[in-house]
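Participant: Sharing a structure with you now.
The values are calculated or read from the model by the stated rules, or taken from the named source; none is laboratory data. Note that the structure is predicted; figures quoted are calculated from it, not measured. Cβ: placed from backbone, ideal geometry, glycine included. Neighbour counts: every protein chain shown.
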Amino acid sequence: MSAFHPELALARFLPKFSMGPRATRLAQRVKPRTPATPDDMLIEDVVAPGVSVRVYRPKALEGTAPALLWLHGGGYLMGSPEQDEPSSIGFARDLGITVVAARYRFAPTHPAPAAVEDAYAALLWLVANADARGVDPSRIALGGASAGGGLAAGLALYAHDHDDVCPAFQLLVYPMLDDRTVLRTDHDTRHVRLWTPKSNRYAWTSYLATTPGSPTTSPLRRPRPPRRPHRPPPDLDRRRHPRPLPRRRPHLRLPPPVRRRPLRGRHRAGGVPRVRRDVPRDAGRAGVLGGAGDGTAQGVVLR
């Protein structure tokens, strides 16, 4: 029996390779390939104070709409907004929103909290330019995948601590949250490719600039902040392909109630309970993002 799922059968041809200093330097030197811009999209690179962002907005989108600040993955070591171009375009097109994908500094040259500070600079720029960009500042979501998901969670806490920006929502896609994963010994990693335990340890060590695994090292494992209305609840998702998911709000017409089942453990970024949501197939696309301001809404794609 093959150790690989049929959909991942080609992975067996990948070399058993782990990230290290040399591979990281090479990866950071690779210039991202810029795909062709679809005819129905406006894509713009903007150099904002303290950060660079890539903005996606449908040409047909008029008036004020929500926005998603997206942070790419790459183990805190590498990556670019262009690597998530198809999904950023999909978010903008399907939900009728503006997507702002931020660039941030990488470890080990720039350890924590440099990346979170860059993400915060992007968030401040988005809020300050909301009117000019046709964005509703009360409906700005934070999202990211892998390391970007970890940064989005850290950014939510960072914004909470500064108490000057109120994100509406967190979209955390298989987020890289907990440096204590380097201490795990109960997983069979014999057939793991690319993100091996060695890669994981190197990435966390580079990001934290210290030995990972201690409760005092991770910038995401801070004392639980006081609960305030503007701290956005996280939705954790470990799967790559998104699905619509509603978020209950009294002023929106929402689909049938969602069954909630608490998961074991705590969300490491702030002590928020993780929740799995089972969404009815006829739930449609109702949620916090999207909508025409008439009481209806299009959903936040989460899974």
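Participant: Please go through region 16-39 and give me each residue that is without any contact (Cβ under 8 Å) to a residue 24 or more places away in the chain, part of a loop (DSSP other than H, G, I, E, B) and not β-branched (Val, Ile, Thr), ordered by number.
Facilitator: Those that are without any contact (Cβ under 8 Å) to a residue 24 or more places away in the chain, part of a loop (DSSP other than H, G, I, E, B) and not β-branched (Val, Ile, Thr): LYS31, ALA36, ASP39.
Participant: Can you tell me which residue among LEU42, LEU10 is without any contact (Cβ under 8 Å) to a residue 24 or more places away in the chain, out of contact with any strand residue (DSSP E or B) (no Cβ under 9 Å at 6 or more places or on another chain) and not in a loop (DSSP other than H, G, I, E, B)? Quick ask: steps written out before the conclusion?
Facilitator: Working: LEU42 fails: out of contact with any strand residue (DSSP E or B) (no Cβ under 9 Å at 6 or more places or on another chain).
Criteria check complete, one pass: LEU10.
Participant: Exactly one of these conditions fails for SER80: (1) among the hydroxyl-bearing types (Ser, Thr, Tyr); (2) surrounded by fewer than 15 Cβ atoms within 10 Å (Cβ to Cβ); (3) in contact with a His (Cβ under 7 Å, 6 or more places away or on another chain). Give me its number.
Facilitator: Failed condition: (2).
Conditions (1) modelled with pLDDT under 95; (2) over 20 Å from ASP39 (Cβ atoms); (3) not aliphatic (A, V, I, L, M), marked per residue:
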position: ARG54; (1), (2), (3): no, no, yes
position: ILE89; (1), (2), (3): no, no, no
position: GLY96; (1), (2), (3): no, no, yes
position: VAL100; (1), (2), (3): no, yes, no
position: ARG103; (1), (2), (3): no, yes, yes
position: ASN129; (1), (2), (3): no, yes, yes
position: ALA132; (1), (2), (3): no, yes, no
position: ARG139; (1), (2), (3): no, yes, yes
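Participant: While we're looking at this one, here's another question. Consider region 121-141. How many of its residues are of a type outside the set (A, V, I, L, M, F, W, C) and touching a Gly at 6+ places or on another chain (Cβ under 9 Å)?
Facilitator: Filtering region 121-141 for residues of a type outside the set (A, V, I, L, M, F, W, C) gives 129, 131, 133-134, 136-139.
Narrowing further to those that are touching a Gly at 6+ places or on another chain (Cβ under 9 Å): 134, 136, 139.
Final tally of qualifying residues: 3.
Participant: Under the condition of being in contact with a strand residue (DSSP E or B) (Cβ under 7 Å, 6 or more places away or on another chain) and of a type in the set (Phe, Trp, Tyr), which residue from region 50-103 is farthest from SER18 (Cα to Cα)?
Facilitator: My answer is TYR56.
Participant: Let me ask something additional. Please enumerate the residues belonging to region 104-123 that are assigned to a helix (DSSP H, G or I), buried (at least 22 other Cβ atoms within 10 Å of the Cβ) and out of contact with any strand residue (DSSP E or B) (no Cβ under 9 Å at 6 or more places or on another chain).
Facilitator: Result: VAL116, single match.
Participant: Collect the residues in region 46-87 that are more than 15 Å from ASP118 (Cβ to Cβ) and either assigned to a strand (DSSP E or B) or aromatic (Phe, Trp, Tyr) (or both), keeping them in residue-number order.
Facilitator: Matches in region 46-87: VAL55, TYR56, ARG57, PRO58, ALA65, PRO66, ALA67, LEU68.
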